[in-house]
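A quick write-up on the structure given underneath.
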């Protein structure tokens, strides 16, 4: 039991003791009404606390989902960047290959002119 619960229990005991000592039916009715009201207030507070906990849990789940989505999006962007880099490398290699072919052809033509 925490301090708050102990205080509530003590409050209940005191109210019960007041009820037992009450001399008139009116006092008993008033005390019973007050106890019912306190119980109802505590239930309302407990319901509000539970609602707040549920909202906090849902918010935490939403944050976690957003983090997962952001991570997936970041991973997707990284993969796209890698793909683009690979495409650029392939293009550069093709240009280099084309250049080398042209150079070989140019060298062959130069050799033929030298032979004549």
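The values are calculated or read from the model by the stated rules, or taken from the named source; none is laboratory data. All figures in this text were calculated on a predicted structure; none of them were measured in a lab. Using ideal geometry, Cβ is built from the backbone for each residue, glycine included, and neighbour counts are taken over all protein chains shown.
Please verify whether residue 26 is exposed (fewer than 10 other Cβ atoms within 10 Å of the Cβ), over 47 Å from the mean Cα position of the chain (by Cα) and assigned to a helix (DSSP H, G or I), treating the condition exactly as stated. Yes; evaluated as a whole, the condition is true for this residue. If only residues of the stretch 29-46 that are modelled with pLDDT of 85 or more and surrounded by 13 or more Cβ atoms within 10 Å (Cβ to Cβ) are counted, the one that is farthest from residue 5 (Cα to Cα) is 32.
Given the condition farther than 30 Å from residue 9 by Cα and not in a helix (DSSP H, G or I), answer yes or no: does some residue in the stretch 54-76 qualify? There is no residue in the stretch 54-76 that is farther than 30 Å from residue 9 by Cα and not in a helix (DSSP H, G or I). Please tell me if residue 50 is surrounded by 10 or more Cβ atoms within 10 Å (Cβ to Cβ) and in contact (Cβ under 8 Å) with a residue 12 or more places away in the chain. No.
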